[in-house]
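The values are calculated or read from the model by the stated rules, or taken from the named source; none is laboratory data. Just so it is clear, the structure is predicted and the values come from calculations on it, not from any experiment. With ideal geometry, Cβ positions are generated from the backbone for all residues, glycine too; neighbour counts draw on all protein chains shown. Quick note on the areas: whole protein, heavy atoms, side chains included, nothing else; ligands and nucleic acids left out. Shrake-Rupley method; radii C 1.70, N 1.55, O 1.52, S 1.80 Å.
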Amino acid sequence: MDLNNMLLRLESANEEEVEKLLKQYNQENSRTFAFDQKEETLRSKLCQSVLAVLGRQAQPSCQKTCLETLRILSRDKRILAPVATKEGMLILGRMAGLHAGEEGCDNEKSSQEDAQSEEEERVVVEALKCLCNVVYNSPAAQKVSVDVQLAHGLCATLRTARTWHHEVGLFTLRLLFLLSALRPDVRGVLRRELHAVRLLTEVLEHTLDVRWVGPYEAAPPEPQALPMPAEDNERTMEALKALFNVTLSEAGGEEDDHQFRLIAAILRHLLMLKTETEEKTEEAHSHAVNLLNNLPVSCLDKLIDVPVQGGLEKYGGKNMDAVQVLLDFMEKRIDKQGSNYKEGLTPVLSLLTEGSRKHREIRIYIKAQVLPPLKDVKIRPEIGTAVRNKLVRLMTHVDMGVKQTAAEFLFVLCKESVDNLLKYTGYGNAAGLLVARGLLAGGRGETEYSEDEEDSDTEEYKSAKPFINPITGHVEEPMPNPIEEMTEEQKEYEAQKLVNMFDKLSRQNVIRPMGVRPDGTLAPLEETLCDAPEDNSGSDSD
């Protein structure tokens, strides 16, 4: 369709003709995502024309068609100036049913929604889709959203979540997520003034059909329960993403503590649910892990403290089902070929590390799964398919963040004891962590751990221990001695040759001889020799 001709016809068209022209445009461009730059000005004028129609009292079918056109146009971030104005955003907000700052809007909104026709509901959905596109693509629209208090309207809508139709709820939550992601200043308003943490928690509670059987304890899913419906899962994901953004802002107080414990309990319930596909279940677990990382680590006890469902006596009566789900999720992320470990794996490793550091029962349970007592020490710790082998391999990963997170996780499981860590990983794999923590000379980290008997060695390990190579962490096959058949002159010649090679590399700054200071940190060799304590025991006899 020729845009010039279309714009001329729109100027004098009545409502019926406008709807007919725009429907034709929508059909032709429904799958268009890359637009002709030469027609930018014309598309911008079309935006203005569509907004002008929406500003008038048009029929719902015409409004829906106009909004569909605007949604298509809003894919082009270069022509959004007419929409990214106070007037444009207010029109879209009104179409979406977002009545910010209006007293009594909740009751009025509920009664309106009950009486909404299917056509009117489509208008609301299309307006919300337009707002999502416009807010995402236009920094100017993001600023105007703050000026027109879009967040207030969204939170007013959250209070009517129980009456939502699926798409209305989905795009309301998505818009809240986008606004809180792109405008950090809005997060504080959402959390402190609009109580968005409580509202989003209630949305999760309702969507996941949580039934409380005790303080911060949700009833377990029925064994024969059907998987979570796809629509409920979609809304849950958007609510989790929005809640993640809102909990990034600072706040405090008893109300927050209560809400965080509620969230931890709801997330435990979510971890125990299944969705229609394994991929969707993994996505749900990923968002749950991200949000758990935002909660105070003290709240993680709600993952295991479920008295009604009971637990294992050896772990203080705590229920470890959710922790096992997290461990399984971690292993899946390690095994995922071509995945981004930084984004996909480090959050769950960090969560399990902090949970293990703070909660003794979690640490003991995870250590039993990840670092069981050693028996076979003939194989290098990084070789094999066990979880320990996979994590040890990550300790030498090329990504520094992944390497450090994996090493820290194992270190905490070993109660931050260097000797215990080296037993499971070998000195070569652990060197990076020990250098970073200044523990090359041995010792412990700063965290205090309880005394228990979980570190007892097996008989197999005790008998093999004297023969373990501390660098590789396993018993090596005896190697033939390369200098056994050499004469003394040949040995002296090879030794001198080696010294010359090291000297040359050192003078060319290819390598630098290093030593370990008394505090366990690395330093140039000459400095460590100066720092070495003098041995005065035999000074008199000299």
- Within the under-13-Å Cβ sphere about Thr353, not counting Thr353, Lys/Arg +1 and Asp/Glu -1 give a net charge of +2
- Query: If the chain between Gln324 and Leu248 were fully stretched, how many nm would it gain, using 0.36 nm times the residue separation less the Cα-Cα distance?
  - Reply: 24.7 nm
- Query: With a sphere of radius 12 Å drawn around the Cβ of Ser61, what net charge do the other residues whose Cβ falls strictly inside it have (Lys, Arg +1; Asp, Glu -1)?
  - Reply: -4
- Query: Reachable lysines from Lys462, Cα under 21 Å, same-chain residues fewer than 8 places away excluded?
  - Reply: Lys367, Lys375, Lys378, Lys415, Lys423
- Message: Taking only Cα atoms of region 310-403, what ratio of Rg to Rh do you get with Rh as the Kirkwood inverse-distance radius?
- Response: 0.98
- Query: Between Gln24 and Lys332, what is the label-to-label distance in nm when each label sits 7 Å out along the Cα-to-Cβ direction?
  - Reply: 5.0
- Query: About its Cα centre, how strong a charge dipole does the chain have in debye, to the nearest 20, once Lys and Arg get +1 and Asp and Glu get -1 at the Cβ?
  - Reply: 1540
- Using the Cα atoms of the chain to build a convex hull, what is its mean projected area in square nanometres? 38.4
- Please calculate how many Å² of accessible area the chain carries per residue, with a 1.4 Å probe and no DNA, RNA or ligand atoms counted. 53
- Query: Using modelled backbone amide H atoms (1.01 Å from N, in-plane), which distant-in-sequence or interchain residues come within less than 5 Å of His474's amide H?
  - Reply: Asn469
- Query: Roughly how many percent of the accessible protein surface of the chain is carbon and sulfur, given a 1.4 Å probe and a whole-percent answer?
  - Reply: 49
- Burial order of peptide ranges 344-356, 395-407 (average beta-carbon count within 10 Å, highest first): 344-356, 395-407
- So Ala368 and Ser61, fully extended at 0.36 nm per residue minus their Cα-Cα distance, gain in nm 104.3 nm
- Message: What distance in nm lies between label points placed 7 Å from Cα along the C-beta direction at Thr487 and Val213?
- Response: 8.5
- Query: PRE reach from Glu11 (point 7 Å along Cα→Cβ): which of region 64-88 fall under 20 Å by backbone N?
  - Reply: 82
- Message: With only alpha-carbon atoms in the gyration tensor, what are the semi-axes of the equivalent ellipsoid for region 393-448, in Å, largest first?
- Response: 17, 11, 10
- Note on the structure: Rounded to one decimal in nm, the spacing of the 7 Å Cα→Cβ label points at Thr396 and Tyr449 is 2.4
- Message: Starting from 0.36 nm per residue, how many nanometres of slack lie between Phe33 and Glu231 once their C-alpha separation is accounted for?
- Response: 68.7 nm
- Message: List residues of region 6-21, by number, whose backbone nitrogen lies under 14 Å from a label position 7 Å along Cα→C-beta of Glu119.
- Response: 15-17, 19-20
- Task: Using per-residue counts of other Cβ atoms within 10 Å, averaged over each peptide, order 38-51, 410-423, 20-33 from highest down.
- Result: 410-423, 38-51, 20-33
